[in-house]
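Participant: Before I ask anything, here is the structure I am working with.
Each value in this text was obtained by applying a stated rule to the coordinates, not by laboratory testing. These numbers were taken from a predicted model, which means no experiment stands behind them. Every residue, glycine among them, receives a Cβ derived from its backbone with ideal geometry; neighbour counts consider all protein chains shown.
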Amino acid sequence: MLAFLRGKILNKGQAPHDKITGQGFAIAEVNNIGYQIFINALAYADLNIGQDAEFYLYHNVREDADDLYGFKNFAELEFFKLLLSVSGVGPKSALGILGLASVTDIKESIGAGDPSLLNKVSGIGKKTAERIVLELRGKIDHLAPVDSNGIASTSANSDEIDALMSLGYSLQQAREALRAVDASINDSSERIRTALRGLSRSIKT
């Protein structure tokens, strides 16, 4: 069972549906062997071809599948496995959740009993989001902590994403625009305005 690897990124790509969710896959070379690793949207955006990268792995073996899912730290891997313990949540949906925000942000949302962040993930309906909150609320404190080098963070909150999506932008566009906002800007309204300016510039170019 593969649990970790470090290698050079030879390529990365997305299937048509992945272009909507933002997630995709990377091919990492280790000792002249290429491993295809499915990764979340945040990892996909940050990963560059030719760079060295390391992944904590979840090896999903079934009769009809033999897939690797990669995470940048052990906390993400543990949270991914916890999500899979919830009925109705498969690997792709769990990967989508981890591509929406940092583990810390998702844990805070679940701890507060708020399923709205989870509802933004493709494949996660209202009932499934509520089930995740109900089943995991008492379990998340036992997860491994996320250190300062391991946070895959988007500083966007649920209301800010909602505001941009209500203007016609996709979840991926909203998330990336808000991630690009200077972290020193704390006012939510100003963050949205700054994100909109960034989106406007990207459309013009």
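Participant: Going by amide H atoms built from the backbone, whose H comes under 5 Å of the H on Ser102, apart from near neighbours?
Facilitator: Thr154
Participant: On to the next question. Just need the Rg to Rh number for the chain, please, alpha carbons only, Kirkwood Rh.
Facilitator: Value, to two decimals: 0.96.
Participant: Just grab the label-to-label distance for Lys81 and Arg62, each label 7 Å out from Cα along the Cβ direction, in nm (one decimal).
Facilitator: Here the answer is 1.9 nm between the modelled labels.
Participant: So what is log10(I(q)/I(0)) for the range 4-71 at q = 0.16 1/Å, when the Debye sum runs over its Cα atoms only?
Facilitator: Calculated log10 I(q)/I(0) at the listed q: -0.50.
Participant: For Lys19, give me every one of the aspartates and glutamates with a C-alpha distance below 17 angstrom, ignoring sequence neighbours fewer than eight places off in its own chain.
Facilitator: Of all the aspartates and glutamates, those that pass the test against Lys19 - Cα under 17 Å, at least 8 places apart if same chain - are Asp46, Glu176.
Participant: List every residue whose amide H lies under 5 Å from the amide H of Gly24, counting only residues 5 or more places away in sequence or on a different chain, with H placed 1.01 Å from N in the peptide plane.
Facilitator: Under 5 Å from the amide H of Gly24: Ile39.
Participant: Something else: Could you derive backbone 3J(HN,Hα) for the range 27-34 from the dihedral phi with the Karplus parameters 6.51, -1.76 and 1.60 (θ = phi - 60°), listing whole Hz in sequence and x where the residue is Gly or Pro?
Facilitator: Running phi through 6.51 cos²θ - 1.76 cosθ + 1.60 with θ = phi - 60° gives 10, 10, 9, 10, 6, 6, 10, x Hz.
Participant: Using θ = phi - 60° and the Karplus relation 6.51 cos²θ - 1.76 cosθ + 1.60, list the HN-Hα couplings for the range 38-48 in order, rounded to whole Hz, with x at every Gly or Pro.
Facilitator: These are the phi-based 3J(HN,Hα) values: 7, 9, 7, 4, 5, 5, 4, 5, 8, 8, 10 Hz.
Participant: Determine the relative contact order of the chain: mean sequence separation of Cα pairs under 8 Å and six or more apart, normalised by residue count, in whole percent.
Facilitator: 16 percent
Participant: Got a sec to turn the phi values of the range 186-199 into Karplus ³J(HN,Hα) couplings, 6.51 cos²θ - 1.76 cosθ + 1.60 with θ = phi - 60°, whole Hz, x for Gly and Pro?
Facilitator: 9, 5, 4, 5, 5, 5, 5, 4, 5, 5, 5, 5, x, 5
Participant: Between the alpha-carbon centers of the range 86-145 and the range 37-84, tell me the distance in whole angstrom.
Facilitator: Taking the Cα centre of each part, the range 86-145 and the range 37-84 sit 17 Å apart.
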